[in-house]
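Take a look at the structure set out below.
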Amino acid sequence: MTVRFSSSAPPGRGGARRTADRSAVAGRTVALAVVGLVLVLMVLMALVIVRLPWVGDLGMHAATVQRLRHSPLDPGNPLVDADTPSPYYSPWMLLLGTVARTPGLSVFVVLRLAAVAGLALLVTGVWRYVRTLSAHRAAPALALLSLLLLWGTTPFLWSGFLGLHSLALTVSYPSTFALGLTFHFWAWLAGALRREAGWPVWSGLGVLWGVILLCHQFSGVVATVGAVATVLAAGRGGRVVWPRLGAGSVVGAVVLWVWPYYDFFALFGAAGGGLDAVHRGLYGHPVARYGLVLVGVVALVPRWWRDRWDPLVLFAGLGVVVVGVGWVSGHYSWGRALPAVVIPAQLAVALEVVGAGRRGVRAGWAVLLAGGLLVGGWGQVGVLGYVVPRGGLPAGVEERYRVPWAGYQWITPWVRYGDVVMAEGRAARQVPAYGPYTVAPGYPDFFLSDEERRVAVTGVYFEERTPSSVRRGIEREYGVRWVVGGGGGLDDGGLRVVARGPEGQVLYAVP
């Protein structure tokens, strides 16, 4: 008896093939869904950029662009009327200041352009770097989701930290641009090590490393930690060309040394004091802020088990050392290296989902990651408030929304570029964005030698019991032409009310 099969494949093999086909289709479907979710988040970020919500350091960066726009070769201090250098005068900000000289472009339009460029650089950088770690088509998109959402149940808003809510408020900052460059730097470095690149490539890597450090020093530390981990992982296989690596490092150091706008190496003396006090909060509430990253920490264990020299394991380990030393020594500013712990852990869990071996193991990691992303997404859902009218938000979402600051554009019909304004608190952090100076800087300034006196004098000026004669003397000493205050205690007969703004603010003219 002859038995005929409808297919030329042996019996049993067709079923296996159909199962494999179904798995491939399911894999493509999941990959497309992940990519689609990433695109949705990118559209959300684009809408946020259109609004450019103001919370935090936007005024500092706007003021920096203002100074470089008006005097690119000798901008002086970005916040006060003093001829001092500033670490905010980086190559990136110099480029933005040059763009801002284009007629018709306001500083805030330029910052929106900076946000678009920084976001594009970040997304493409993550894509390139993850490709050096996994060939799976869904790996880069999963990595982006992890970087944006796998943080904690409470949004942590700080430049250089890639949580979705944080990124929404800092996307126009130099830190976003520097982190985007950092991922490209790691990808380029991994490729150079893999193919044993020549001297020009290593020189280019050195220049890029120096530029990252100049643009955002804390992101530069993270870039350095990740680079060291990449080199150590490659060195185990003998793929590091040490003379070329050394030459690239020297080139980077030369870039830092010759930069004319500030002395990079002088910043090593800025550690401690007020800088550590500002950053102490980085170590607080770790479960609420970073708790979901533990899923990634767990994912680092099997990577370590498979390869003791895994680059992500080394990266996270070195980051723990840096952050831990900062905690033990009380140098809390070292906490800005926390992304060196968080980033490799977030990437590790995304890569386990697509490359952990058996299908059941991958499915387990997928469930863990999906749960973490859902919880993390809810923790950062307040970002919707920047693109949806507040009245249209559900109550649970509105509770997580942080209302942006009101601007000080209402003073610009009277206050001109370069005028000195007496202001304190939030006003001191925002007024310089429009071109004026303040007496005391709204941010710590390592290069400003009389910073403490300026802060003390500002406090005396706004003290309710301060005599009018003392106020007039302060105004003459610092060339104050305008005062922005809350309206109480300043009506001493020596000031003239010019305009009233939101939240009870008053603009006074100094006769």
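Would you mind computing Rg(Cα) / (2.2 N^0.38 Å) for region 398-476, counting N as its residues? Don't skip to the end; give the middle numbers.
Numbers: Rg = 14.6 Å, N = 79, 2.2 N^0.38 = 11.6 Å.
Taking N as the residue count of region 398-476, the ratio is 1.26.
For the chain, what does the accessible surface come to per residue with a 1.4 Å probe? Please give it in Å².
Working: 22670 Å² over 511 residues.
Roughly 44 Å² per residue, with all protein chains present.
If you average the C-alpha positions of region 203-273 and of region 114-191 separately, how far apart do those two centres end up, in angstrom?
When both Cα centres are located, 19 Å separates them.
Could you tell me what percent of the accessible area of the chain is made up of carbon and sulfur, with a 1.4 Å probe and every protein chain present? Before the final figure, lay out the partial values.
On the way: 14400 of 22670 Å².
In the chain, the share of accessible area belonging to carbon and sulfur is 64 percent.
Between the helical axis of 199-215 and the dominant principal axis of the chain, each derived from Cα atoms, what acute angle in degrees is found, rounded to the nearest 10?
For helix 199-215, the angle is close to 40 degrees.
Relative contact order, percent, of the chain when contacts are C-alpha pairs under 8 Å separated by at least 6 residues?
Details: 794 pairs, mean separation 83.7, N = 511.
That works out to 16 percent.
Taking the Cα atoms only, what angle lies between the long axis of helix 293-306 and the longest principal axis of the chain, rounded to 10 degrees?
Helix 293-306 and the main axis of the chain meet at about 40 degrees.
Over the Cα atoms of the chain, Rg to Rh with Kirkwood Rh, two decimal places? Intermediate results must be reported in sequence, preceding the final value.
Values: Rg = 26.4 Å, Rh = 25.1 Å.
My calculation puts Rg/Rh at 1.05.
To the nearest 10 degrees, how steeply does helix 339-355 sit against the main Cα axis of the chain, on a 0 to 90 scale?
Tilt of helix 339-355: around 30 degrees.
Assigning unit charges at the beta carbon (Lys, Arg +1; Asp, Glu -1) and nothing else, what dipole magnitude in debye, to the nearest 20, does the chain show about its Cα centre?
Numbers: 43 positive and 26 negative charges, 547 e Å.
Around 2620 debye, computed over the chain.
With an 8 Å cut-off on Cα pairs and a minimum separation of 6 or more residues, tell me the relative contact order of region 263-418 in percent.
Details: 135 pairs, mean separation 32.2, N = 156.
It comes to 21 percent, rounded to a whole number.
Using alpha carbon centroids, what distance separates region 351-429 and region 448-464, in Å?
Here the answer is 33 Å between Cα centres.
The values are calculated or read from the model by the stated rules, or taken from the named source; none is laboratory data. All figures in this text were calculated on a predicted structure; none of them were measured in a lab. Glycine gets a Cβ as well: all are built from the backbone with ideal geometry, and neighbour counts include every protein chain shown. Just so you know, the surface numbers come from the protein's heavy atoms only, side chains and all, with ligands and any DNA or RNA stripped out. Shrake-Rupley method; radii C 1.70, N 1.55, O 1.52, S 1.80 Å.
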